[in-house]
1. Can you work out which of the residues in the stretch 68-104 that are crowded, with 17+ Cβ neighbours inside 10 Å and touching a strand residue (DSSP E or B) at 6+ places or on another chain (Cβ under 6 Å) is modelled with the lowest pLDDT?
2. In the stretch 524-545, is there at least one residue being within 22 Å of Val435 (Cα to Cα), at pLDDT 75 or above, part of a strand (DSSP E or B) and of a type in the set (D, E, K, R)?
3. Just give me the residues in the stretch 184-216 being in contact with a helix residue (DSSP H, G or I) (Cβ under 6 Å, 6 or more places away or on another chain), in a loop (DSSP other than H, G, I, E, B) and under 18 Å from Arg71 (Cβ atoms), in sequence order.
4. Read through the list (1) small (Gly, Ala, Ser); (2) in contact (Cβ under 8 Å) with a residue 60 or more places away in the chain; (3) under 25 Å from Gly496 (Cβ atoms), then give the number of the only condition that Ser397 fails.
5. Count, please, the residues in the stretch 340-353 that happen to be in a loop (DSSP other than H, G, I, E, B), over 13 Å from Ile270 (Cα atoms) and modelled with pLDDT of 95 or more.
6. Could you pull out the residue among Asp208, Asp254 that is within 24 Å of Gly326 (Cβ to Cβ) and charged (D, E, K, R)?
7. Within the stretch 435-465, which residues are within 24 Å of the chain's Cα centre (by Cα), in the same structural domain as Val488 (by TED's automatic domain parsing) and buried (at least 21 other Cβ atoms within 10 Å of the Cβ)?
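The values are calculated or read from the model by the stated rules, or taken from the named source; none is laboratory data. None of the values given here were measured: they were computed from a predicted structure. FYI the Cβ positions are ideal-geometry reconstructions off the backbone, even for glycines, and counts take in every protein chain you see.
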Amino acid sequence: IGGFLANQPKTALEWKKLNEHISAAELQMNPELEAIITVLNKSYDGLPYHLKSCFLYLSIFPEDYNIKLKRLLRRWIAEGYPGVVRNKSTEEVAESYFMDLISRSMLLPSQRSICDGKRIGSCQVHDLIREIGISKSMEGNLVLRLEEGCSLNTQGTARHLAVSSNWERDQGAFESIVDMSRVRSITVFGEWEPFFLSDKMRLLRVLDLEDTTGLVNHHLEHIGKLLHLRYLSLRGCESICHLPDTLGNLRQLDTLDIRGTSIVMLPQTIIKLQKLQHLHAGFPTKGNYLCTRHLLHTYGFNQLDACTSLCCGAATPCIMMDKDYGGVVLPGGARKLKSLHTIRGVHVAYGDAVIQEIGRLSGLRKLGVMGINEKNDVKFCSAISNLSRLESLSVQSDKGCLDDITSPPKNLRSLKLEGRLGVLPEWIKKLQNLVKLKLSFTTSSQVEQDAAMEVLGHLPNLSILRLSGCLFKAGELHFQKDAFRSIVVFDVEGLGGIKSVNFDQGAMPELEQLKVTDACKRGGIGFFGLDILPSIKEVLLSVHFKMDRAGTELEREARLKEQFRTQLARNPKKPILKME
């Protein structure tokens, strides 16, 4: 490629055009570049057998698609790709396969989370590599891709079916192309059609409908017949507000992802899923929808209330609900789900029993709950102390409701505390393995504020710190020498009461990324010492407001930008300033 480019016009535009439009077909027509296809094929041929299956599996995803790491690993595991390796979990083996493909440049990292040693969070496949994968997967009848222009004569005996968003939803064509009895995975991009799923799909292991449109409750009525299903994702399917009782038939299910749906109550039969390891729920948006059929059971609505909500919904059996209620309710008996490693987005405000049941799930590694209040905080704090293997904890609580935790899990690496905490909980200083922390808290004096910063600044492994919606009574946030020695990412948003943020020489010596949001509100915040941060690479400045009549906030934004530019220009590392 280098030799070819040497003979091309040396302009950014020409090289950009080549990068955007180069394809395997074009390479084969160009004698100077034809050898590249040979090299790429050899790269594939050189893969060990276990990596070939993992690589070809990627041809399921569309061109330039951002593939989340966790989604890919869970799917590989559901397909049975990771082998057995002594002293390693299946997920660790799957991740080692992923990193091997990265190191061989068969995958491109598209997002880094900058903690855990710059761990990669998602990936993409280069267009040329992807075309090799598509070709090889078709040769081996591994992946069938229904997309615009595909032939009715397309071989339909493939194990993995991918329906592209640009494919015309033709039931006759679908039934003539797809051998449903052989399909082991279905991935739909774009609009869902009920005929995509059939009782004949007895071998189906993966049903991935993330962000699919047009999917409604009754389309899932017979899902309980898919007895081999191991991975079910309805993430982002907002019209889904109910799962059928037949879900309990899916005894092999390993992952259930319903995040971003409108489901607020899981069926009682879920407790039969003894192999379930990962349950993702909850609502990432500001508001959500609550199915009327659950109002009677969950929130104590009477018949008239439920009827009224249905009628007011104009034939849509959902009503808007506040974000504070954005979590699912676990049924009684959840303690029986002994295989659970992950629970995300569970609401526990409706009774103490569910908290006690969660406290008995000793294998939990990741837990995300909301609805902690003064009525249940003592039992919740007690439950947390029992979860010794917990590595990630996310809690939405009322003020002062987490102060009673006496023995926090010593292996905790990620902690997110939302809601008004009051003062910083004392037990946080015990988290010597903590890598990632997001919190909101309030200080009533300079002494309290300094004490909080002292605690956080001496957590030895803290790499990512996000302060969101904190309220400080003192006007200055001061980071002193030798404090926060491991911080790589510092994210601040909506700091109330703060007029200035100051970095001393030697503070945050490893800081690479600073993100500032809403620094122009309430009179604006000044940042000082950016020119002496020794490792800073980029600053992200995000401003969310509407200009008032006098243009005051616009002026503040201009001053803040200039302040950042001036200081960063003096920094020897020449960090980048990005506006969002």
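1. Filtering first and then ranking leaves Leu69.
2. Initially, the stretch 524-545 is screened for residues within 22 Å of Val435 (Cα to Cα), giving 533-540.
If we keep only those that are at pLDDT 75 or above as well, we get 533-540.
Next, from what is left, pick out any that are part of a strand (DSSP E or B): 538-540.
Now narrow it down to the ones that are of a type in the set (D, E, K, R): 538.
Yes, that holds for at least one residue.
3. Arg205
4. The one condition Ser397 does not meet is (2).
5. Pass one, the stretch 340-353, residues in a loop (DSSP other than H, G, I, E, B): 340-341, 348-352.
Those left that are additionally over 13 Å from Ile270 (Cα atoms): 341, 348-352.
Narrowing further to those that are modelled with pLDDT of 95 or more: 341.
Looking only at that region, the number is 1.
6. Working: Asp254 fails: within 24 Å of Gly326 (Cβ to Cβ).
Residue meeting the stated conditions: Asp208.
7. Going through the stretch 435-465, the residues within 24 Å of the chain's Cα centre (by Cα) turn out to be 435-440, 461-465.
Those left that are additionally in the same structural domain as Val488 (by TED's automatic domain parsing): 461-465.
Within the stretch 435-465, Leu462, Ser463, Ile464, Leu465 qualify.
Residue-wise test of (1) acidic (Asp, Glu); (2) part of a loop (DSSP other than H, G, I, E, B).
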site	(1), (2)
His218	no, no
Leu229	no, yes
Glu238	yes, yes
Leu243	no, yes
Leu253	no, yes
Gly260	no, yes
Ile263	no, yes
Thr269	no, no
Gln274	no, yes
